[in-house]
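Student: Dropping the structure in here first, questions after.
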Amino acid sequence: MQITRNITPEFVDDRGGITKLLDDGQTTIKSMLMMTSKPDAVRANHYHKEDGHHVYLLTGSMEYYEAPLVDGVPDLTKMEKEVIKAGDMVFTPPMVGHSMKFLEDTTCFVFALKSRSQDDYEQDTVRVKLI
């Protein structure tokens, strides 16, 4: 699981701050989403065939689950779980089962590598049960 913890402003002056969330010189973002979730909400429980995404928590917290696939099925014996908090970002590559359980009211941004039009999303997403 690729997690960047406690992302803080790189530059701060009397006007405010600038925080670099992603600047690796390689990633091409095709879709940006803002998502809000309520406590105990579960999202994802799927994997993407080609898409990967960064999820940055602006507020709140969640349990983030990932499991490698074996023949298109998540291997729950190898599932990892991490608590992701405001200021953290997690990246999930294609072909990795993932799920999110929100612990409190949460706002996050999803930066996807592929288009998230409904048709593209449905063609790329395989629903599975992790949690």
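Student: Where is the GNM fluctuation largest for the chain (alpha-carbon springs, 10 angstrom cutoff): 72, 17, 60?
Tutor: In this elastic network of the chain, the residue with the biggest mean-square fluctuation among 72, 17, 60 is 17.
Student: For residue 8, what accessible surface area do you get with a 1.4 Å probe? Give it in Å², rounded to 10.
Tutor: Approximately 80 Å² of residue 8 is accessible to the 1.4 Å probe.
Student: Compare 42, 70, 110 in a GNM of the chain, Cα atoms joined below 10 Å, and give the one with the largest fluctuation.
Tutor: Among 42, 70, 110, the largest mean-square fluctuation in the Gaussian network model of the chain belongs to 70.
Student: Using 7 Å Cα-to-Cβ label points, what is the residue 129/residue 20 separation (nm, one decimal)?
Tutor: The answer from the label model is 4.4 nm.
Student: OK, next. Considering only protein heavy atoms, with the full assembly of protein chains and a 1.4 angstrom probe, order 55, 73 by accessible area, largest first.
Tutor: The most accessible residue leads, giving 73, 55.
Student: Hey, any idea what % of the chain's accessible area is carbon plus sulfur with a 1.4 Å probe?
Tutor: Exposed carbon and sulfur together represent 50 percent of the surface.
Student: Distance in nm between label sites at residue 34 and residue 104, each 7 Å beyond Cα in the beta-carbon direction?
Tutor: Each label point is offset 7 Å from its Cα along the Cβ direction, giving 2.0 nm.
Student: Still on this structure: In terms of the Cα gyration tensor, with a ≥ b ≥ c the square roots of its eigenvalues, is region 8-53 rounded because a/c is under 1.5, prolate because a/b exceeds b/c, or oblate?
Tutor: oblate
Student: Okay, next question. Would you check the accessible area of residue 11, probe 1.4 Å, heavy atoms only, in square angstrom rounded to 10?
Tutor: That residue has around 100 Å² of solvent-accessible surface.
Student: Leaving out ligands and nucleic acids, note down the accessible area per residue over region 65-107 with a 1.4 angstrom probe, in whole Å².
Tutor: Averaged over the residues of region 65-107, the accessible area is 49 Å².
Student: Further question on the same structure: At a probe size of 1.4 Å, how large is the accessible area of residue 28, to the nearest 10 Å²?
Tutor: Solvent-accessible area, nearest 10 Å²: 90 Å².
Student: With 22 Å as the limit, write out which pairs from 38/85; 38/129; 30/81; 81/101; 49/114; 101/129 have Cα-Cα distances beyond it, or answer none.
Tutor: The pairs that break the limit, which is 22 Å between Cα atoms, are 30/81.
Student: A further question on this structure: Read through the labelled values (i) 15.5, 47; (ii) 15.1, 54; (iii) 18.5, 61 and report the label of the one computed as Rg and Dmax of the Cα atoms in Å from the structure.
Tutor: Calculated Rg and Dmax of the Cα atoms in Å: the matching label is (ii).
Student: What shape does region 61-131 have by the C-alpha gyration tensor, where a ≥ b ≥ c are the square roots of the eigenvalues, rounded means a/c under 1.5, and otherwise prolate means a/b greater than b/c and oblate the rest?
Tutor: Judged from the Cα gyration tensor, region 61-131 comes out oblate (a/c at least 1.5, b/c at or above a/b).
Student: Also, quick follow-up: What is the distance in Å between the Cα centroid of region 102-131 and that of region 18-32?
Tutor: 18 Å
The values are calculated or read from the model by the stated rules, or taken from the named source; none is laboratory data. Everything numeric here is computed off the predicted structure, so don't read it as measured data. Ideal geometry is used to build each Cβ from the backbone, glycine not excepted, and the neighbour counts take in all protein chains shown. We work out accessible area using only protein heavy atoms, side chains counted, and drop any ligands, DNA or RNA first. Shrake-Rupley method; radii C 1.70, N 1.55, O 1.52, S 1.80 Å.
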